[in-house]
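Here the structure comes first, spelled out in structure tokens, and everything after it is commentary.
The values are calculated or read from the model by the stated rules, or taken from the named source; none is laboratory data. Note that this is a predicted model, so its numbers are computed, not measured. In this analysis, Cβ positions are derived from the backbone assuming ideal geometry, glycine residues included, and neighbour counts consider all displayed protein chains.
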Amino acid sequence: MYLFASIDVGANTLRLLIGKIENNRIIDIFYERKITRLGTGVNQTGKLQQENIETSLSVLREFSSVISRYNVKHVKAVATSALREASNPDIFIERVFRETGILIEVIQGEKEADLALKGIISSCSDPTSLKQPLFIVDMGGGSTEWILYRGKKTIERGSIPIGVIKLSESYIKSDPVSEGDIIKIKDKTISFLEDIRNKIGQHLEKHTIFIGTAGTFTTIASIDLGLEGYSREKIHLHKISVERLHEMSRKLLSLSLQKRKKIMGLEPERADLIIPGLVFTISIMEFLKFNELTVSDYGLLEGILFDIKEKFEKNISETGKP
């Protein structure tokens with residue numbers, strides 16, 4: 001059974017998954033994630049910052065070593081908003097390839113949404129049995145992708161140019177965070193949610209399931225569970241009510257940044273991002289009338305893995321060679 005490796009070069013976090021796929025199910029062999037904040041400063045300067053480039057390169061060198069250790073031949077790395085929006089992505093991409101052998105593909109928001117959906121659906125024990133519509137949100141550091149999925153097909157999907165790094169850099173000006181900062185984040189979020197509601201409002205049903213994937217949502221689940229260390233198994237499919245999110249928000253808003261860093265389940269590197277993440281999540285739920293959030297630890301990374309497998313199998317069928 002062949003091993004595949006997928007890499008997500010995100011605005012906040014770099015992630016690596018090595019796995020094999022049996023009976024259309026992913027079996028994890030190795031998983032790692034490192035926060036590098038590659039997208040920090042892009043919104044203000046239009047460029048990737050040198051410090052974040054070096055940090056990310058260091059992590060990708062580690063990933064390359066792991067891939068070599070497992071002798072993985074089929075690797076795909078994708079980059080999202082940070083490299084989509086920066087004016088100097090080629091410098092980073094060229095250095096990564098030269099120093100690690102990893103070739104990064106910059107994908108657009110719609111492709112990111114498609115891959116996230118593919119990854120989430122793969123985690124279902126029987127994808128064909130899904131009866132309820134799904135509204136999926138992949139909240140990143142620099143952009144947020146969304147998908148409305150029903151009856152085994154995508155009804156609508158899109159990408160909006162806001163994420164937790166952008167919201168934090170643009171609107172959080174006080175510590176602890178002020179009510180004025182929160183209002184600005186809400187206003188910005190709702191301006192985009194209005195457009196989404198206009199596109200899909202008529203398709204949202206009472207029993208539509210709201211699924212959140214990527215770092216903000218998994219961090220919210222980790223805090224709710226009080227985890228000492230990250231656990232994919234415990235986080236995946238964890239459910240949280242909007243009332244519980246309000247409780248969490250009130251508690252965190254009362255704390256300074258340094259005190260938030262000590263909260264169980266919250267990685268210190270995410271302490272500045274959790275507030276805009278929570279405000280964004282609650283705004284989505286209240287604006288689109290969801291009472292519960294289901295957190296998926298499956299998403300883009302797993303979707304990339306299936307993408308590799310599909311291309312691998314196509315190549316075999318066309319050439320007879322792996």
- request: Test each condition in (1) more than 28 Å from residue 204 (Cα to Cα); (2) assigned to a strand (DSSP E or B); (3) of a type in the set (D, E, K, R) for residue 98 and report the one that comes out false.
  value: (2)
field: Single condition residue 44 does not satisfy, out of (1) in a helix (DSSP H, G or I); (2) surrounded by 15 or more Cβ atoms within 10 Å (Cβ to Cβ); (3) in contact with a Ser or Thr (Cβ under 9 Å, 6 or more places away or on another chain)
entry: (2)
message: So, in the range 281-322, exactly how many residues are out of contact with any strand residue (DSSP E or B) (no Cβ under 9 Å at 6 or more places or on another chain) and over 16 Å from residue 25 (Cβ atoms)?
response: 13
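Matching residues to (1) of a type in the set (Asp, Glu); (2) touching a residue at least 24 places away in the same chain (Cβ under 8 Å); (3) within 30 Å of residue 254 (Cβ to Cβ); (4) in contact with a helix residue (DSSP H, G or I) (Cβ under 6 Å, 6 or more places away or on another chain):
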site: 112; (1), (2), (3), (4): yes, yes, no, no
site: 123; (1), (2), (3), (4): no, yes, no, no
site: 137; (1), (2), (3), (4): no, yes, yes, no
site: 150; (1), (2), (3), (4): no, yes, no, no
site: 153; (1), (2), (3), (4): no, no, no, no
site: 161; (1), (2), (3), (4): no, yes, no, no
site: 170; (1), (2), (3), (4): no, yes, yes, no
site: 189; (1), (2), (3), (4): no, yes, yes, yes
site: 193; (1), (2), (3), (4): no, yes, yes, yes
field: Given (1) closer than 21 Å to residue 217 by Cα; (2) in contact with a Ser or Thr (Cβ under 6 Å, 6 or more places away or on another chain), index of the condition residue 8 fails
entry: (2)
- line: Of the candidates 84, 37, the one satisfying the condition of being part of a helix (DSSP H, G or I), at pLDDT below 95 and closer than 26 Å to residue 162 by Cβ is 84
task: Sort out which residues of the range 42-72 are touching a residue at least 60 places away in the same chain (Cβ under 8 Å) and touching a Leu at 6+ places or on another chain (Cβ under 8 Å), and write them in order of number.
output: 42, 67, 70, 71, 72
task: Looking only at the range 145-153, decide whether some residue is closer than 11 Å to residue 113 by Cα and acidic (Asp, Glu).
output: yes
query: surrounded by fewer than 23 Cβ atoms within 10 Å (Cβ to Cβ), farther than 28 Å from residue 40 by Cα and not assigned by TED's automatic domain parsing to the domain that holds residue 208, is that true of residue 73?
result: yes
query: If you take the residues in the range 150-190 that are small (Gly, Ala, Ser) and at pLDDT 90 or above, which one is farthest from residue 258 (Cα to Cα)?
result: 158
query: Can we say residue 256 is under 25 Å from residue 182 (Cβ atoms) and polar (S, T, N, Q)?
result: yes
- prompt: Only one residue in 282, 304 is under 28 Å from residue 257 (Cβ atoms), of a type in the set (A, V, I, L, M, F, W, C) and surrounded by 18 or more Cβ atoms within 10 Å (Cβ to Cβ). Which one?
  reply: 282
message: Could you check the range 229-277 and list, in sequence order, the residues that are touching a Pro at 6+ places or on another chain (Cβ under 7 Å) and among the hydroxyl-bearing types (Ser, Thr, Tyr)?
response: 254, 256
message: Looking at (1) under 25 Å from residue 190 (Cα atoms); (2) over 18 Å from the mean Cα position of the chain (by Cα), which one does residue 256 not meet, given that it meets all the others?
response: (1)
- request: Give the number of residues within the range 124-149 that are within 29 Å of residue 162 (Cβ to Cβ), at pLDDT 70 or above, of a type outside the set (Gly, Ala, Ser) and part of a loop (DSSP other than H, G, I, E, B).
  value: 3
